[in-house]
1. Measure out, as a whole number of angstrom, how far apart the alpha-carbon centroids of segment 58-125 and segment 170-224 sit.
2. Assuming a ≥ b ≥ c are the square roots of the Cα gyration tensor eigenvalues, decide whether segment 8-88 counts as rounded (a/c under 1.5), prolate (otherwise, with a/b larger than b/c) or oblate.
3. Near the amide H of TYR138, under 5 Å away, which other amide H atoms are found, from residues 5 or more places off or on another chain, if H is placed in the peptide plane?
4. Could you go through segment 89-102 in sequence order and give the Karplus-derived ³J(HN,Hα) for each residue, using 6.51 cos²θ - 1.76 cosθ + 1.60 with θ = phi - 60°, rounded to whole Hz, and x for Gly and Pro?
5. Going by average Cβ neighbours within 10 Å, how do the peptides 221-229, 35-43, 69-77 rank, with the highest at the top?
6. Per residue of segment 117-123, what does 6.51 cos²θ - 1.76 cosθ + 1.60 with θ = phi - 60° give for ³J(HN,Hα)? Whole Hz please, x for Gly and Pro, Karplus curve as stated.
7. So who's got an amide H within less than 5 Å of the one on VAL103, skipping anything under 5 residues away but keeping other chains? H placed 1.01 Å off N, in plane.
8. Over 30 Å, how big is the tail of the calculated P(r) for the chain, in percent of all Cα pairs?
Amino acid sequence: MHLAAESHVDRSIKGPAAFIETNITGTYAMLEAARSYWSDLSLRQKEAFRFLHISTDEVFGELGDDGLFSETSAYNPSSPYSASKAASDHLVMAWHRTYGLPVVLSNCSNTYGPYQFPEKLIPLMITNALLGRDLPIYGMGINVRDWLHVDDHARALYTILTRGVPGARYAVGGRNEKSNLEIVHGICALLDDCAPRDDGLSHAASISFVEDRPGHDYRYAIDPSKIERDLGWTPEETFEAGLKKTVDWYMTNEMWWLPLRLKAYAGERLGIVKKRAAA
């Protein structure tokens, strides 16, 4: 299972080189290591082997108000991150077609849950609120993503690894489309109950709207019909229950995330493109 990746769009805007090195060159290294290992296996072992490459729905670009991504969607990446993941997808499929390496590929929607690094939207908003900081939302908060709980994602990956057909792609989504603003308001409502502010105001009073991310895709949404139909996987966690579990986890695991906020990522804005001065 090849999950290793640089994965934060904002960081890819600030420093794309690491994304090229890890996501493209790193995937090449993984493919060659897997091909070397697979080539020395017995025929029976070769037939059982799978190389699962975990990718993202971001490789397909953006959707309008309607439509869903599927396994046949055209690639149209918008950011250095999504472009690097698109390149890695193409490498994986090329190693299957050229060398016969039995690969399977998943394109998954936004994953959330415990242990997520606090630069991502949900843990950033939770930890910012617990620290009494502003809750910055890009643009007007209208950008939409499909959200998938990490437990459902993990089950999907195991299902694809053990039952997926070599050379096949599987789109994995939670059927939970939410705007960024909806997500943040949901977090605020949960925290108002379990961690109310000292001043009596709702945590939503800390919401602020900031300059949008460059090239911010409007909407992603996945049609997971193929994995549901062919492999029998379906998401089990509702978004409302999953979000509450996630908020509860960060509430009770400050010893895990607070050192990260103090030493690794303080919540600073990433991915701003500096405008060049006029000549």
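1. One Cα centre to the other: 21 Å.
2. On the way: a/c = 4.25, a/b = 1.59, b/c = 2.67.
Oblate, since a/c reaches 1.5 and b/c is not below a/b.
3. VAL210
4. Using θ = phi - 60°, the values come out as 4, 5, 4, 4, 5, 5, 5, 6, 6, 7, 10, x, 4, x Hz.
5. On the way: 221-229: 18.7, 35-43: 10.9, 69-77: 15.6.
Sorting 221-229, 35-43, 69-77 by mean packing, highest first, produces 221-229, 69-77, 35-43.
6. 4, x, 7, 6, 3, 5, x
7. PHE51, GLY167
8. Working: 13015 of 38781 pairs.
Roughly 34 percent, once rounded to a whole number.
Computed from the coordinates by the stated procedures, all read-outs in this text should not be read as laboratory data. Please read these numbers as outputs of a predicted model, since none were measured by experiment. When we count neighbours, we look across all protein chains shown, and the Cβ atoms used for this are built from the backbone with ideal geometry, even at glycine.
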